[in-house]
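Undergrad: Below is a structure I'd like to ask you about.
The values are calculated or read from the model by the stated rules, or taken from the named source; none is laboratory data. Nothing here was measured: the structure is a model prediction, and the numbers come from that model. All Cβ positions, glycine included, derive from the backbone under ideal geometry; neighbour counts span all protein chains shown.
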Amino acid sequence: MSQTRSAILLVGGMGTRMQPLTFSTPKPMLPLLGRPITEHQIIKAREAGITEIVLATSYLADVFTPYFGNGEKFGITISYAVEKNALGTGGAIRNAAKLLKGDGPVVIFNGDVLSKHSLDEQIAFHEQNDADVTLYLTQVKDARAFGVVEMVGERIETFNEKMESPPTNIINAGCYIFNRSVIDEIPEETVVSVERETFPALLARGAKVLGFVDDEYWLDIGNPGALLAATRDLIEATGYPFMQGKGSEIDPTATITNGSFIGAGAKIGPGATIDQCVIGEGAIVGANVDLQRTFVAAGCDIGSNMSAKDEFFGFSSK
Ligand code: GDD
Ligand code: MG
């Protein structure tokens, strides 16, 4: 990839398993430490030398543009490929690639993955081995909810999306490098799943599909519990018990623990205890409230003297 480094970010899914958080916010735009998950990925892409990125949007597509604009603020060129009707992951890649200026290999990210793997090394691996496609892979205890591969050396031999009895625990970690010619083979304006159709078809015809296995931190932020875990993991890495956004006010008698995040401008009252929670921007948590693993939406006032565990406040479908 000596020329322009290009990327596509798949952010068009419905985020069904994230409800109610995703009724009005697409999953990739959910805040993680006060910034959209997508922003964390854009920064990772930029740090790996990627200069242009296309966001492949569909569900609640309008939410992305006002925040990211043309990417100038983030030091990268951003454009938007909007699918009126979702095209699936493969169809989305084909559609988004039309907007790329570069014609070299393309880095493709699932929009809900947080990882510490080296993108630079994955790109170098792809180039050195002259691969058609390189998948970032990781190992998990239970592979049933993921795309599972079997390998011989560095070559992927089989790919199966979400199976009951996975033959290995090595999974698709949701970051690929595709040569442009492989993208151009995906039919246009057609619903295609890269996991269920493109990968199996490439393997069937003997394409060079390689696995870049990495055991660094990896998390699929697929449900609310995973978003809490991601928040806690990032905060714990800083050594602080919690983090707070600008202008937030926490009463000195409140106790905030376990990687909770208090959004900008939020207010936490006296005697409140907040354990592994995400409190939205400008939200108000009154006196003696006791919250565990709970989300409070931006601007929501939850009152005083109450307790809640594994709950959501202020996220409605309207
Ligand atoms: N533009 C667009 N259009 N994006 C889509 C569409 C679509 O039709 N469908 C899904 N996406 C996006 C989602 O927004 C998400 O960022 C990404 O594609 C993957 O979809 P998920 O719904 O999160 O898939 P998953 O988590 O069940 O499985 C995927 O990720 C696993 C790793 O986290 C698969 O790629 C698995 O093979 C993989 O193991
Ligand atoms: Mg996912």
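Undergrad: Mind listing whichever residues of segment 36-48 are among the basic types (Lys, Arg) and under 12 Å from the mean Cα position of the chain (by Cα)? Spell out how you get there, then give the answer.
TA: Residues of segment 36-48 that are among the basic types (Lys, Arg), as a first pass: 44, 46.
The one that is among the basic types (Lys, Arg) and under 12 Å from the mean Cα position of the chain (by Cα): 44.
So that you can scan it fast, the table gives a plain yes or no per residue for (1) within 22 Å of residue 226 (Cβ to Cβ); (2) touching a residue at least 60 places away in the same chain (Cβ under 8 Å); (3) within 15 Å of ligand 2 (Cβ to nearest atom):
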position: 98; (1), (2), (3): no, no, no
position: 104; (1), (2), (3): no, yes, no
position: 108; (1), (2), (3): yes, yes, yes
position: 111; (1), (2), (3): yes, yes, yes
position: 114; (1), (2), (3): yes, yes, yes
position: 123; (1), (2), (3): no, yes, no
position: 129; (1), (2), (3): no, yes, no
position: 132; (1), (2), (3): no, yes, no
position: 148; (1), (2), (3): yes, no, yes
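Results for (1) within 8 Å of ligand 1 (Cβ to nearest atom); (2) touching a strand residue (DSSP E or B) at 6+ places or on another chain (Cβ under 7 Å); (3) over 18 Å from residue 297 (Cα atoms); (4) in a strand (DSSP E or B), shown as yes or no for each residue.
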position: 20; (1), (2), (3), (4): no, yes, no, no
position: 28; (1), (2), (3), (4): yes, yes, no, no
position: 41; (1), (2), (3), (4): no, yes, yes, no
position: 59; (1), (2), (3), (4): yes, no, yes, no
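Condition check ((1) under 25 Å from residue 15 (Cα atoms); (2) buried (at least 18 other Cβ atoms within 10 Å of the Cβ)) across all residues:
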| site | (1), (2) |
| --- | --- |
| 229 | yes, no |
| 246 | no, no |
| 277 | yes, yes |
| 297 | yes, yes |
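Undergrad: Count, please, the residues in segment 113-153 that happen to be within 16 Å of ligand 1 (Cβ to nearest atom), of a type in the set (Asp, Glu) and within 25 Å of residue 180 (Cβ to Cβ).
TA: Result for segment 113-153: 0.
Undergrad: Further question on the same structure: Kindly check whether there is at least one residue in segment 224-234 that is at pLDDT 95 or above, away from ligand 1 (no atom under 14 Å from the Cβ) and in contact with a Phe, Trp or Tyr (Cβ under 6 Å, 6 or more places away or on another chain).
TA: Yes, some residue in segment 224-234 is at pLDDT 95 or above, away from ligand 1 (no atom under 14 Å from the Cβ) and in contact with a Phe, Trp or Tyr (Cβ under 6 Å, 6 or more places away or on another chain).
Undergrad: Sticking with this one: Does residue 197 satisfy the criteria of being acidic (Asp, Glu) and part of a helix (DSSP H, G or I)?
TA: On the way: acidic (Asp, Glu): yes; part of a helix (DSSP H, G or I): yes.
Against the criterion (acidic (Asp, Glu) and part of a helix (DSSP H, G or I)), residue 197 qualifies.
Undergrad: Next question, about the same structure. Report yes if residue 87 is touching a Gly at 6+ places or on another chain (Cβ under 9 Å), surrounded by 17 or more Cβ atoms within 10 Å (Cβ to Cβ) and touching a residue at least 60 places away in the same chain (Cβ under 8 Å), otherwise no.
TA: Working: touching a Gly at 6+ places or on another chain (Cβ under 9 Å): yes; surrounded by 17 or more Cβ atoms within 10 Å (Cβ to Cβ): yes; touching a residue at least 60 places away in the same chain (Cβ under 8 Å): yes.
Yes, satisfied.
Undergrad: What about residue 26, is it buried (at least 21 other Cβ atoms within 10 Å of the Cβ), within 16 Å of ligand 2 (Cβ to nearest atom) and within 24 Å of residue 279 (Cα to Cα)? Let's see the steps before the verdict.
TA: Details: buried (at least 21 other Cβ atoms within 10 Å of the Cβ): yes; within 16 Å of ligand 2 (Cβ to nearest atom): yes; within 24 Å of residue 279 (Cα to Cα): yes.
Yes, satisfied.
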